[in-house]
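Everything below concerns the one structure shown next.
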Amino acid sequence: MMRRLDALSAIYPRLQESIVVTIMGAVAAELQSIGHQPNFFYLQHAMGLASSMGLGIALSRPSQRVIVLDGDGSVLMNLGGLTTLARYRPKNLIHIVFDNESLLSVGGFPTATSTGSDLAAIAHAAGVPHTCTATEIEALVVAVNDAIARHDLATIVAKVEAVGPAAYVTDLGLLENRFEFQRWLRQR
Ligand SMILES: Cc1ncc(C[n+]2csc(CCOP(=O)(O)OP(=O)(O)O)c2C)c(N)n1
């Protein structure tokens, strides 16, 4: 099993060169602790919709790569998002789901992946053309690099420990991130 912070550090070079949309909470704070960039957007509150926002950006910016950093609880809240992703199949979108089997950011309640639900299998059944589950950092890095080289929609589930940062609030304001990201996108 890997720690998400280590996993994020390992794929950070790929994130730097991509448009990144994350869910709120632990993963957003961890990515910011490694290094915020103007091409990173941390979607607040709208649980389950990071892949939908990533889809819209990927379709409107087909020459840019979009990486969505999702969570098991968020995906489970909007499973229909996987079917929509698969329907439009943006070749420039990679969907990474950090599966800690928990709603970590609100106290750590167990999700359905802790009782056997398999998000890579669900994504595959939804029609996502390439899916896999990585349990080690090396496998995650290979899966991300393969997805980039293949240039096709992929959902990569990374099984991670249910640990997060000490604090989720960072000094990057919501509106600051919103305007900075929008400006960055407009220049593309
Ligand atoms: C629609 C909606 N419901 C509830 C919340 C409260 N909430 C914020 S983060 C979170 C848990 C997210 O879990 P997961 O996607 O597994 O990510 P993790 O926190 O484990 O990294 C919840 C329930 C929310 N932001 N939006």
The relative contact order of segment 1-86, taking Cα pairs under 8 Å that sit 6 or more residues apart, comes to a percentage of 33 percent
Rounded to 0.05, the calculated FRET efficiency for the beta carbons of Asp152 and Ser117 at R₀ = 25 Å is 0.55
Expressed in angstrom and rounded, the centroid-to-centroid distance over alpha carbons for segment 1-33 and segment 48-119 is 14 Å
Using alpha-carbon positions, the gyration tensor of the chain gives root eigenvalues a ≥ b ≥ c; with a/c under 1.5 called rounded, otherwise prolate if a/b exceeds b/c, else oblate, the class is rounded
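Express as a percent, rounded to the nearest 5, the fraction of DSSP beta bridges in segment 40-188 (both residues included) that run antiparallel.
Working: 2 of 19 bridges.
Just about 10 percent of them are antiparallel.
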Calc'd 3J(HN,Hα), segment 3-14, phi into Karplus 6.51 cos²θ - 1.76 cosθ + 1.60 (θ = phi - 60°), Hz, glycine/Pro = x, comes to 8, 4, 4, 5, 4, 5, 4, 5, 9, 3, x, 6
For segment 152-162, Karplus-derived ³J(HN,Hα) couplings (6.51, -1.76, 1.60; θ = phi - 60°; whole Hz; x for glycine and proline) come out as 8, 4, 9, 10, 10, 9, 10, 6, 10, 5, 7
For segment 4-89, the charge dipole (Cβ of Lys, Arg +1; Cβ of Asp, Glu -1; about the Cα centre) points to a positive end, and the Cα of Gln64, Phe41, Ser9 closest to that extreme belongs to Gln64
Note to self: with every protein chain in place and a 1.4 Å probe, segment 129-188 gives an accessible area per residue in Å² of 58 Å²
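Given the DSSP H assignment, sum -39500 (n - 2.57) over each helix run of at least 4 residues in the chain and divide by its residue total; what's the result at 222 nm in deg cm²/dmol, nearest 500? Walk me through the numbers before you get to the answer.
Details: 8 runs with 84 residues, N = 188.
Computed ellipticity for the chain at 222 nm equals -13500 deg cm²/dmol.
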With every protein chain in place, the accessible area of Thr133 for a 1.4 Å probe, in Å² rounded to the nearest 10, comes to 70 Å²
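The values are calculated or read from the model by the stated rules, or taken from the named source; none is laboratory data. The structure presented is a predicted model; accordingly, all values stated were derived computationally and were not measured. All Cβ positions, even for glycine, are placed from backbone atoms using ideal geometry, and neighbour counts span all protein chains on display. To get the accessible areas, we keep the full protein, side chains included, count just its heavy atoms, and leave off ligands, DNA and RNA. Shrake-Rupley method; radii C 1.70, N 1.55, O 1.52, S 1.80 Å.
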